[in-house]
Every structure is written in structure tokens, then in C-alpha cells.
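Structure, as C-alpha cells:
The values are calculated or read from the model by the stated rules, or taken from the named source; none is laboratory data. Model, not experiment: these values are computed from the prediction. With ideal geometry, Cβ positions are generated from the backbone for all residues, glycine too; neighbour counts draw on all protein chains shown.
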Amino acid sequence: MMATVAVAASSFGQGSLQFVTGSNTVRKETAVGNTALVNVGTGAANGLFELLWAPQGTTDLNLFNAVPGTLISPSPTAGRLSGGVRTIPAGAGFAGVAPGAVVSVVIRGWTGGAASYAATETGYNQGLVARGYSPIFTVDTGDPTTTPAGTAGTLPGGAGITLTYVVPEPTSMALAGLGAASLLIFRRRK
């Protein structure tokens, strides 16, 4: 699989990223625990994806920030994201990027129609929602003070994003079973 999140052409300048993946790189399991992967279909009903960034070397996914305006659905074909050019705010550290900064980038996605990744927690823990992260990539956002301005590299290929379901813990399943049995017992007594 080949994912391409390319840094935009020089006319876009500092902090601009092209939010595009190659074909057949956005995939998901078809059911809980099923390792057969399929391309995520087009449209928001099939999943939402966002581009996240953090200073170079960041490995804790909780520290990554969403690039403004990157919440998109698969398009124009199944298994592909085409989100156009997005810009990381100017700044330093976790607030933004400086001219010529190299940043860490990751794609995050989920199914189930929720407006945010955080809103999928309950459905994910019940095995109803698929979600996941791409590997972390390093991207040169370009330096607008160089000639030509903003010349930047592209994200290394070779990886995509796979959305998977979680299999509920056995203890959760056991508690659910005990609760159902208790309801049946109390119902019979009445």
C-alpha cells in the first residue's frame, strides 16, 4: 500500500500539506475480529478522516493536533482520501510551525458517523465502530525564505490507514451476561 501525503507546491508556502492518499490505502475490517480488509467506501457514512500534526519526534498520539479543516470522507474513489491543501498554523512547539520546520504527521479515522474521534469511544469499546491511526510520518513543510520559496519534500510511501474493530473484553461480556440473567430471574419472580 502506498500513502502519499505530499507537501504542497511552493506557492502554498510554510506549513502547507497536500492531504491525499494513494488508491487502496484506506481500508477497514468488515466485522469485529475479521482480518479481511476492504476499501473504505466513498462518503461520510463510510468513515471520516483527519490529518494531525506535532513537532518532529513526537510519538504520543495524544499530543497531536488536528490540522484545521482536514475532517474529510473518502473521495473520489473507495480506498482513497483527497482533501486538498491544508495549512498548519504558524508558531513554535505544539502551537504551530516555524519556516522550514519538519513535523510529525498522522492520519486518524473512524466509522459510525460521529463528528469526532472522541465521540466514538463507547461504540468502539462495544465492537460497533471501527477506528485507527496511520503510522507516524515525518514531513518537511517547506521554508518560504528559501529559493524557490516553500520547496518541500513528500511523505515517504509504503503505508496507509486501516480501521479495525475492538473485540470487547471477556470480563465485559461476562458482566453483560450476568446482567441479562439477573433481569430474567427478577422478571420470572413477578
Yes or no: residue 70 part of a loop (DSSP other than H, G, I, E, B), buried (at least 17 other Cβ atoms within 10 Å of the Cβ), of a type in the set (S, T, N, Q) and in contact (Cβ under 8 Å) with a residue 40 or more places away in the chain?
yes
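Condition check ((1) farther than 16 Å from residue 63 by Cβ; (2) touching a Cys at 6+ places or on another chain (Cβ under 8 Å); (3) modelled with pLDDT under 90) across all residues:
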site: 85; (1), (2), (3): yes, no, yes
site: 93; (1), (2), (3): no, no, no
site: 109; (1), (2), (3): yes, no, no
site: 114; (1), (2), (3): yes, no, no
site: 119; (1), (2), (3): yes, no, no
site: 123; (1), (2), (3): yes, no, no
site: 128; (1), (2), (3): yes, no, no
site: 138; (1), (2), (3): no, no, yes
Criterion (within 16 Å of the chain's Cα centre (by Cα), closer than 18 Å to residue 138 by Cβ and surrounded by fewer than 17 Cβ atoms within 10 Å (Cβ to Cβ)) met by exactly one of 61, 51
61
Do the conditions hold for residue 41, that is, is it in contact with a Gly (Cβ under 6 Å, 6 or more places away or on another chain), modelled with pLDDT of 90 or more, closer than 25 Å to residue 123 by Cα and not aromatic (Phe, Trp, Tyr)?
no
Just checking, which of 127, 93, 113 is surrounded by fewer than 18 Cβ atoms within 10 Å (Cβ to Cβ) and either among the aliphatic types (A, V, I, L, M) or under 25 Å from residue 16 (Cβ atoms) (or both)?
93
Residue 105 meets each of (1) outside any loop (DSSP other than H, G, I, E, B); (2) modelled with pLDDT under 85; (3) under 15 Å from residue 133 (Cα atoms) with one exception, condition (2)
